[in-house]
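Read-outs: derived from the displayed coordinates by stated rules, not from any lab. This one's a predicted model, so the numbers in the text were calculated from it and none came from an experiment. A quick note on method: Cβ atoms are made from the backbone with ideal geometry, for glycine too, and the neighbour counts reach across all protein chains shown.
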Amino acid sequence: MTDPAAAEVRRLRAEEGLSVRQIQARTGLGRNRVYALLRGVAAPAWTRRPTARDGLRAAAVALRGEGCSVNDIAVRLGVAKSTAYLWVRHLPLDPDEEVAAERRRAHSKVMTDARWSAHRQARDTARAATVADAATWVGSMRHRELIMVGAALYWAEGEKAKPWRPHECRVRFINSDPGLVDIFVRFVEAMGAPRATLRFRVSIHETADSEAAVRWWAERVGVPAETFRPTSLKRHRPTTVRHNTGEDYRGCLIVDVPRSRQMYWRIEGIMKGMGDGGDGEGR
């Protein structure tokens with residue numbers, strides 16, 4: 001028995017040249033059902049995708065045959081580098097051509113560095129002078145300044161109570177910047193927590209030298225490495241591209257202040273006062 005729906009769908013396609021969406025609207029059938037009924041029926045020419053990029057694809061293949069790199073092909077054809085790669089990835093360069101391409105890239109880098117070296121040197125000199133001038137202007141922070149700076153630093157970077165856990169108030173700070181860690185430790189000391197009572201822990205990727213990182217942080221904060229808590233290791237993900245590697249990578253330092261609920265409340269109050277724009281003198 002012939003399915004009347006199938007016959008009608010095929011007629012609309014063959015005789016009226018309708019698209020799948022138009023056939024859906026006409027018949028009320030689902031998209032998958034229409035596709036199933038049209039199996040073997042050629043789509044009308046007007047529904048096919050434009051072929052303009054087919055010419056670009058052919059040009060990309062031709063350029064690859066001439067030894068052009070993916071970068072060069074993308075620039076010359078005005079397409080994205082990822083698109084050019086998809087078009088020619090089945091045509092790897094010959095080893096000799098790869099060497100030539102690498103040589104061209106190295107030469108280009110040398111020329112670029114030579115062109116901008118004077119500008120970069122002037123920029124770096126200006127930056128160093130500005131940083132030194134600003135550091136001199138700061139000088140040494142007084143007690144009130146340290147408290148306010150430390151509170152703002154903690155409120156931006158430290159652990160805070162969550163709306164669903166409003167009463168779990170404790171002071172915990174984690175950061176990879178040794179300068180910020182130093183300010184925080186000085187801040188909690190000024191708030192009444194001796195450095196010897198703080199709890200330190202390193203958090204670092206498992207592929208790094210964790211023991212060296214612990215020694216480095218211990219020397220930085222001025223406490224024995226033996227007092228550090230067991231290191232927290234982050235699992236290595238091969239698919240992740242990381243730039244924080246090498247000898248200078250020392251992970252993050254976690255600083256816990258024991259029995260710090262009231263200190264947390266004080267930090268909260270300091271931030272409220274700063275946010276309200278209070279101009280009363282500190283004691």
Item to complete: For an R0 of 41 angstrom, estimate the FRET efficiency from the Cβ-Cβ distance between residue 121 and residue 197 and round to the nearest 0.05.
Response: 0.30
Worksheet entry | Under the span-like rule (Cα at least 20 Å along the axis, Kyte-Doolittle mean at least -0.5), DSSP H helices of the chain | 52-65, 143-157
Worksheet item: Could the peptides 138-145, 227-234, 66-73 be put in order, highest first, of the mean number of other beta-carbon atoms found within 10 Å of their residues?
Response: 66-73, 227-234, 138-145
Item to complete: Express in nm, to one decimal, how much length is gained between residue 15 and residue 130 on full extension, taking 0.36 nm for each residue of separation and deducting their alpha carbon distance.
Response: 33.7 nm
Response to the item:
In the chain, taking the dipole from +1 charges on Lys and Arg beta carbons and -1 charges on Asp and Glu beta carbons about the Cα centre, the listed residue (204, 40, 83) farthest towards the positive end is 40
Worksheet item: Setting aside same-chain residues fewer than 8 positions from residue 272, which lysines have a Cα under 16 Å from its Cα?
Response: 160
Worksheet entry | Inter-site label distance for residue 182 and residue 32 at 7 Å from Cα along Cβ, in nm | 6.4 nm
Item to complete: Could you calculate the FRET efficiency of residue 43 with residue 89 from 1/(1 + (r/R0)^6), where r is the beta carbon distance between them and R0 is 22 Å, rounded to 0.05?
Response: 0.20
